[in-house]
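Below is one structure; the comments refer to it alone.
All of the numbers you see were taken from the coordinates with simple rules; none came from a lab. Everything numeric in this text was worked out from a predicted model, so none of it was measured. Ideal geometry is used to build each Cβ from the backbone, glycine not excepted, and the neighbour counts take in all protein chains shown.
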Amino acid sequence: MPAYAPAEIEARWQKAWEEAGLFTAKEDPEKPKYYVLEMFPYPSGRLHMGHVRNYTMGDVIARYKLATGHAVLHPMGFDAFGMPAENAAMASGGHPKDWTYANIDTMVDQMKPLGLSLDWSRMFATCDPEYYGQQQALFLDMLEAGLIDRKPAVVNWDPVDMTVLANEQVIDGKGWRSGAEVEKRELTQWFFKISDMADELREALDGLDDWPAKVRLMQENWIGRSRGLQFAFDVVGEEDKQIEVYTTRPDTLLGASFVGIAADHPIAKELEAVNPAVAAFCAECRKGGTTAEAIEKAEKMGLDTGLRVRHPADPDWELPVYIANFILMDYGTGAIFGCPAHDARDLDFARKYELPVISTYVPVDGEITLPEDGGEAYVPGKEEEVTYVKLLAGEEQQTGLAGIDAAIAWAEEKGVGTGQTKFRLRDWGLSRQRYWGCPIPVVHCADCGVVPEKKENLPVELPYDQGNEPIDFSIPGNPLDRHPTWRDVPCPACGKMAKRETDTMDTFVDSSWYFTRFTAPRAETPTEMEAASYWMNVDQYIGGIEHAILHLLYSRFFARAMIKTGHLPEKSAEPFDAMFTQGMVTHAIYKSEKGGRPVYHYPEDVTLEGGKAYVGDTEVEIVPSAKMSKSKNNVVDPNAIVSQFGADTARWFVLSDSPPERDVEWTASGAEAASKHLGRIWTLSDKIAKMEEEAPGQARGADDETLLREMHKTIRDVTLGVESFGFNAAIAKLYAFTATLSKSKASPGAQREAIMTLAQLMAPMTPHLSEEVWTLQGGEGLCAAAPWPVADEAMLVEATVTLPVQINGKRRDEVTVPKDMPKDELEALVLANEAVQRALDGSSPKKLIVVPGRIVNVVV
RNA sequence: GCCUGCGUGGUGGAAUGGUAGACACAGGGGACUUAAAAUCCCUAGGCGUAAGCCGUGCGAGUUCGAGUCUCGCCGCGGGCACCA
């Protein structure tokens, strides 16, 4: 018998599947459809174990659904625009396009040996002009439908690289690449009007039952709905001037002691123009970093403007107006009223500037030191009961929430303000001053203004060269800005020479609709309604938790926008029926120290012995379960694993041990164990095949029944495991059944039935080995195409059951009885039990609990 | 600070309120071998010779029965964050 040789086997079966066209998605009205999708990768050029785990999970589902008679769509593509390609071009002088497509080729070559059941005929990359041209068409439709806005926005500007930076790219107030001090600049940018849909996007989360609760919650917090009161303070002496504020705690209105405005508030800007002290202060405020630590450390700073406003509840009560550094212009109205007694931040501020502290309520239960007496600010929960010490709207004692409602009602009745719901979610700025992205298809004309490009002119394709010269990516700024032949075009409206928009789209746009494009990847329109109606929605989406907020939220917005513009059916407002967030693949770091600096050792240089790690004779530190990182020398290359053990081993290992939503640690010993197990199955299959030849047609005995009962239980458990993302538990059952089978004395026929079923149950995880076993045992056609085994209910019912016998809830013994033994007989049997007799010691039990088929509990 | 999730052997982890520790790794013992590797078998929560006792972060509670439900602590992780 030849040894288990995955390299040869796997290539052969991958070819067989391809020739059979098994994974080409075909619309079939006779079958239920199933669309399973893993988040498509960025073509970094390097497949990592996280990809392998992600795609293997999707593949298990896809293969299982195929075997259960579904028309399956399981596509793959590449999220191919973005900064790394430009950075690579800057670093090594190549072209982002060449770099990207070369990487895609490499990654496809790395993915194919994994034996994934992908429909490669639908593959595309978002940097294909055929894709981004349709994205431009979508942009134009959305623009026309009023879903897109153009407005000024404050951005982080890197003056050296001459580009806008995302918040994450600003480190300690400096550009991440250039190291230059980042400036705040106001630029006119394009925005998707996602905030208009904030409430809808929030409410629809409730319907996403098959999403992780955690993801729904993260989205809900991100959208950040709050209810409060918006009202205006009249400025003393300037009767036409008012300051609008928004508050979620209008119940504390009588505790107001100042009004604060942001440095970018219109009134602050007005004062800034005439008062150098104000100008200096505002400039100082704008400098502040945006990082968490910077905010933590930043001291509350304020400047008295000299303006005074009237309290809405008492025209004789005047409050000072401060410009303060902790007030944000882009939330609410950019102005607040400060209530030091009930807000920790306002209390800090009030103490620093010696402003009054006025408690408006105190807790019903418990004693506190009032903030005016040096205590902390008292902020009750919305359900907490409070006693009012100052009355605004007739309240005396009620919950915080009722107080808020009463205060809003009071304000509305008096005509002071209105109750309003606000959201934290802001519009999605999509403009990027970069080359390697989807060009925004508009033209700026001196006469006509901003003019959308004509659809027949799409795609607005990125220029590869600059005339006859290659584009120089080493010059700071956007190459499209200094590309006259691309930039200068006739106005689509009047025909006069005008300038093309040189900004490109945020790469999140590319990934917000790709899953719809897979339903008709070569269509001349963004989607085809018929195909989209058939395949949408994505039945199961799988990806990392890092995309829990932005990518999924943007996709949900896009689905709604595509319905409004006629590119998706109504049913697809929520495009992902079920979502699963998988954990990472981690690996230990082997660390030592040399000259005070850490040294990271490659796993292949490390010897493991008795739970300790050595390099040569020196023990090194093991840091378990660390994220794989090139700089820590703990990256495991999937291709190396596939060449060493085969794809089936890699697939089997990443699914075993840890539950899919948690991290799994890659260990060499674990991978070897997986490989050995697959080898054992190979050997077992061979043994069973020979047994049949040597002793055909033996009668089935009791051993057959035992084996087949175990087989049907395994079918039930594995099926359940696969359907509920319990892959690790399913694999444990498969291990157990393999052990049962290898020890079984059942007839050759029964053993063959068992191993063929085992092959089928393993096929979603180890498809190549399964085909091999299937064929050897005389299975017809491809194992991957064979119908999924169904557990026989009759075989799941045992004739006898073993019941644990508990005394006072602790297990003391067990009895094996016929399954349907009458209750009184069972009771008698239990009472006669030796352990029970001993515990009873002559007395009679206080209580006897019998749960049929489960347990017996004697209470003494 | 607010919101959240999680604490089970040496390790990863099983367990519809019903026999805690399935399955796997690492460990220990053995068979085969001159030896090693490979393979196979046995063992394995702790204490105890044993009967038995104790055990799911800690403390209470509900229940005939709690890893699972409730409350309060402690510890670790994730998300958001000068958001009014």
Exercise. Between Rg and the Kirkwood Rh of region A:357-485, both from Cα atoms, what is the Rg to Rh ratio?
Worked result: 1.39
Exercise. Roughly what angle does helix A:96-111 make with the longest principal axis of chain A, taking Cα atoms, 0 to 90 degrees, to the nearest 10?
Worked result: 20 degrees
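Looking at region A:74-229, what % of the alpha carbon pairs are farther apart than 27 Å? Display every interim value, and only then the final one.
Values: 6382 of 12090 pairs.
That fraction is 53 percent.
Give the shape of region A:600-685 as rounded, prolate or oblate, defined through the alpha-carbon gyration tensor: a ≥ b ≥ c are the square roots of its eigenvalues, a/c under 1.5 means rounded, and otherwise the shape is prolate if a/b is larger than b/c and oblate if not.
Working: a/c = 1.96, a/b = 1.57, b/c = 1.25.
The shape class here is prolate.
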For this session: Please report the base-10 log of the normalised intensity I(q)/I(0) for region A:227-290, using a Debye sum with one equal scatterer per alpha carbon and no solvent, at each q in 0.15, 0.26 (1/Å).
Result: -0.62, -1.13
Problem set entry | Nearest-ten-degree value, helix A:550-564 long axis tilted from longest Cα axis of chain A | 80 degrees
Seminar exercise, completed: Going residue by residue through region A:395-411, the Karplus relation 6.51 cos²θ - 1.76 cosθ + 1.60 with θ = phi - 60° gives ³J(HN,Hα) values, rounded to whole Hz and with x marking Gly or Pro, of 6, 10, 8, 6, 7, x, 4, 5, x, 5, 4, 4, 5, 5, 4, 4, 5
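Is region A:290-429 rounded, prolate or oblate when judged by the Cα gyration tensor, a ≥ b ≥ c being the square roots of its eigenvalues, rounded requiring a/c under 1.5 and prolate requiring a/b larger than b/c? Write out the running numbers ahead of the final one.
Numbers: a/c = 1.37, a/b = 1.22, b/c = 1.12.
Judged from the Cα gyration tensor, region A:290-429 comes out rounded (a/c under 1.5).
Beyond a 23 Å Cα-Cα separation, which of these cross-linked pairs lie in this structure: A:Lys33/A:Lys571; A:Lys97/A:Lys193; A:Lys823/A:Lys846; A:Lys591/A:Lys627; A:Lys690/A:Lys745?
Working: A:Lys33/A:Lys571 15 Å; A:Lys97/A:Lys193 31 Å; A:Lys823/A:Lys846 17 Å; A:Lys591/A:Lys627 14 Å; A:Lys690/A:Lys745 15 Å.
Long pairs (Cα-Cα over 23 Å): A:Lys97/A:Lys193.
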Exercise. Which of the aspartates and glutamates could a cross-linker bridge to A:Lys819, judged by Cα under 15 Å and excluding same-chain residues fewer than eight apart?
Worked result: A:Glu798, A:Glu827
Exercise. Using modelled amide H (1.01 Å from N, peptide plane; none on Pro or chain starts), what sits under 5 Å from the amide H of A:Gly417, excluding residues fewer than 5 places away?
Worked result: A:Glu412
Exercise. Along each of its three principal axes, how wide is the spread of alpha-carbon positions in region A:805-853, in whole angstrom units, largest first?
Worked result: 29, 19, 17
For this session: Give a residue-ordered list of calculated ³J(HN,Hα) values for region A:151-163 (Karplus: 6.51 cos²θ - 1.76 cosθ + 1.60, θ = phi - 60°; whole Hz; x for Gly, Pro).
Result: 8, x, 8, 7, 10, 7, 10, 8, x, 8, 6, 6, 8
Seminar exercise, completed: Against the 2.2 N^0.38 Å rule of thumb, the C-alpha Rg of chain A sits at a ratio of 1.19
Problem set entry | Charge context of A:Thr586, other residues only, Cβ under 13 angstrom, K/R +1, D/E -1 | +1
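Please state, to two decimals, what the Cα-based radius of gyration of region A:426-522 comes to when divided by 2.2 N^0.38 Å (N = residues). Kindly include the intermediate steps, with their values, before the conclusion.
Working: Rg = 14.8 Å, N = 97, 2.2 N^0.38 = 12.5 Å.
Against the empirical 2.2 N^0.38 Å value, I get 1.18 for region A:426-522.
Classify region A:197-348 from the C-alpha gyration tensor, please: rounded if a/c falls under 1.5, else prolate or oblate depending on whether a/b exceeds b/c. Walk me through the intermediate numbers first.
Numbers: a/c = 2.24, a/b = 1.59, b/c = 1.41.
Prolate, because a/c is 1.5 or more and a/b exceeds b/c.
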Seminar exercise, completed: Taking every other residue with Cβ under 11 Å from the Cβ of A:Asp209 and scoring Lys and Arg +1, Asp and Glu -1, one gets -3
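Can you give the net charge of the other residues whose Cβ lies under 11 Å from the Cβ of A:Trp222, counting K and R as +1 and D and E as -1? Write down the numbers at each step before the final one.
On the way: positive: A:Arg202, A:Arg216, A:Arg225, A:Arg424, A:Arg426; negative: A:Glu220.
Surrounding charge for A:Trp222 is +4.
How large is the translational diffusion coefficient of region A:297-346 in µm² per second when you combine the Kirkwood radius over alpha carbon pairs with Stokes-Einstein at 4 °C and 1.567 mPa s?
On the way: Rh = 12.3 Å.
Roughly 105 µm²/s, to the nearest whole number.
So what's Rg/Rh here for region A:167-268, counting alpha carbon atoms and using the Kirkwood radius for Rh? It would help to have the intermediate numbers written out before the result.
On the way: Rg = 20.0 Å, Rh = 18.5 Å.
Dividing the radius of gyration by the Kirkwood radius yields 1.08.
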Exercise. Roughly how many debye, to the nearest 20, is the charge dipole of chain A about its Cα centre, given +1 on each Lys and Arg Cβ, -1 on each Asp and Glu Cβ, and no other charges?
Worked result: 1340 debye
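Quick check on region A:559-712: what does the Kirkwood estimate of hydrodynamic radius come out to from the alpha carbon pairs, in Å? Each step should come with its number before you reach the end.
On the way: mean 1/r = 0.0490 Å⁻¹.
One over the average 1/r among Cα pairs gives 20.4 Å for region A:559-712.
Output the relative contact order of chain A, whole-number percent, from Cα pairs under 8 angstrom with separation of 6+ residues. Before the final figure, lay out the partial values.
Values: 1551 pairs, mean separation 111.7, N = 860.
Answer for chain A is 13 percent.
When the helix-only estimate is applied to chain A (DSSP H runs of n ≥ 4, each -39,500 (n - 2.57), divided by the residue count), what is the mean residue ellipticity at 222 nm, nearest 500 deg cm²/dmol? Mind showing how you got there, number by number?
Numbers: 27 runs with 306 residues, N = 860.
When only DSSP H runs of four or more count, the value is -11000 deg cm²/dmol.
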Exercise. Considering the dipole of chain A built from charges on the beta carbon (Lys and Arg +1, Asp and Glu -1) around the Cα centre, which of A:Thr68, A:Phe337, A:Gly400 is farthest to its positive end?
Worked result: A:Thr68
Problem set entry | Given charges at beta-carbon only (K, R positive; D, E negative), |dipole| of region A:43-163 in Debye | 500 debye
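Out of region A:438-512, which GluC sites (Glu not before Pro) are coil in DSSP terms and have no more than 15 other C-beta atoms within 10 Å?
Numbers: sites: A:Glu453, A:Glu456, A:Glu461, A:Glu501; in loops: A:Glu453, A:Glu461, A:Glu501.
Those that pass, being in a loop and sparsely packed, are A:Glu461.
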Seminar exercise, completed: In whole Hz, the Karplus estimates of ³J(HN,Hα) for region A:300-316 (6.51, -1.76, 1.60; θ = phi - 60°; x where Gly or Pro) are 5, 10, x, 9, 6, 7, x, 6, 10, 10, 9, 5, x, 8, 7, x, 8
Exercise. By how many degrees, 0 to 90 and rounded to 10, does the Cα axis of helix A:83-92 deviate from the longest principal axis of chain A?
Worked result: 90 degrees
For this session: Quick one: go through region A:502-518 and flag any residue whose amide nitrogen is under 12 Å from the point 7 Å out along the Cα-to-Cβ line of A:Thr188.
Result: none
Exercise. Taking other Cβ within 10 Å of each residue's Cβ, how do A:Met497, A:Met536 sort, fewest first?
Worked result: A:Met497, A:Met536
For this session: Give the calculated FRET efficiency between A:Ala835 and A:Lys690 to the nearest 0.05, with a Förster radius of 35 Å applied to their Cβ-Cβ distance.
Result: 0.15
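Over region A:772-849, what per residue volume does the convex hull of the Cα atoms give, in whole Å³?
Values: hull volume 12.7 nm³, N = 78.
Cα convex hull per residue, to the nearest whole number: 163 Å³.
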For this session: Could you give the size of the charge dipole of region A:701-828 about its Cα centre, using +1 on the Cβ of each K and R and -1 on the Cβ of each D and E, expressed in debye and rounded to the nearest 20?
Result: 440 debye
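Tell me, what is a quarter of the convex hull surface for the C-alpha atoms of region A:169-209, in nm² with one decimal? Working shown, then result.
Values: hull surface 22.0 nm².
Mean orientational projected area (region A:169-209, Cα hull): 5.5 nm².
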